[in-house]
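Below is one structure, written out as structure tokens; the observations come after it.
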Amino acid sequence: MSDVQQAMALLITAFDKYSGKEGDRHTLSKAELKELLENEFGELLGKANDKAAIDRIFKDLDTNKDNSVDFREFVTLVCCLTQMCHEYFIGKK
């Protein structure tokens, strides 16, 4: 597999690791999202333990307002964070 294919597989695996613990295995509840953010993003987000921040992230990600975060909505977060990291490191050069 190419590096990009491996990255895609890792995203799917990470999502699946946390989704469905509280219901639908194709979506993340707020608690599942919080656990994923804490464990997979750690200090990158900095506010993974802040309930208000988690509530805001969840609300912003849940674009279809079904009270869960599906894979498409999760990937939106990953893409935004990846772009921000890329811009940060370009600025460091």
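The values are calculated or read from the model by the stated rules, or taken from the named source; none is laboratory data. Computed from a prediction, not measured in an experiment: that's the story for all the values here. All Cβ positions, even for glycine, are placed from backbone atoms using ideal geometry, and neighbour counts span all protein chains on display. Accessible surface is based on the protein model in full, side chains and every heavy atom, while ligands, DNA and RNA are left aside. Shrake-Rupley method; radii C 1.70, N 1.55, O 1.52, S 1.80 Å.
Using a cutoff of 8 angstrom between alpha carbon atoms and counting only pairs six or more residues apart, the relative contact order for the chain works out to 22 percent.
Compute the acute angle (0 to 90°) between the alpha-carbon long axis of helix 71-92 and the principal axis of greatest extent of the alpha-carbon atoms of the chain; round to the nearest 10°. Result, in degrees: 30. Using a probe of 1.4 Å on the protein chains alone, the accessible area found for D62 is around 10 Å². Loop-located GluC sites (Glu not before Pro) in the stretch 1-55 (DSSP state other than H, G, I, E, B) with a sparse environment of at most 16 neighbouring Cβ atoms within 10 Å: E22. Convex hull volume of the Cα atoms of the chain, normalised per residue: 106 Å³. Backbone geometry of the stretch 17-30 corresponds, through the Karplus equation with coefficients 6.51, -1.76 and 1.60 at θ = phi - 60°, to 3J(HN,Hα) couplings of 5, 9, 6, x, 5, 10, x, 4, 6, 9, 9, 10, 7, 4 Hz, x marking Gly and Pro. What you get for the stretch 1-76, charging only the Cβ of Lys and Arg (+1) and of Asp and Glu (-1), is a dipole of about 140 debye around the Cα centre. Here's the list of aspartates and glutamates a cross-link from K65 could span, going by alpha-carbon distance under 16 Å and ignoring same-chain residues fewer than 8 apart: D24, D55, E73.
What is the Cα centroid distance between the stretch 58-93 and the stretch 1-48, reported in whole angstrom? Centre-to-centre distance over Cα atoms comes out at 12 Å. What is the helix-to-structure angle for 51-61, meaning the angle in degrees between its Cα long axis and the longest Cα principal axis of the chain, kept from 0 to 90 and rounded to the nearest 10? The helix 51-61 is inclined about 80 degrees to the chain. Under 5 Å from the amide H of T27 lie the amide H atoms of G20, each residue being 5 or more positions distant or on a separate chain, with H modelled from the backbone and absent for Pro and chain starts. The accessible-area ordering, largest first, of the residues D50, D24 stands as D24, D50, per a 1.4 angstrom probe.
Applying a DSSP loop filter and a limit of 14 other Cβ atoms within 10 Å to the trypsin sites (Lys or Arg not before Pro) in the stretch 1-60 leaves K21, R25, K47.
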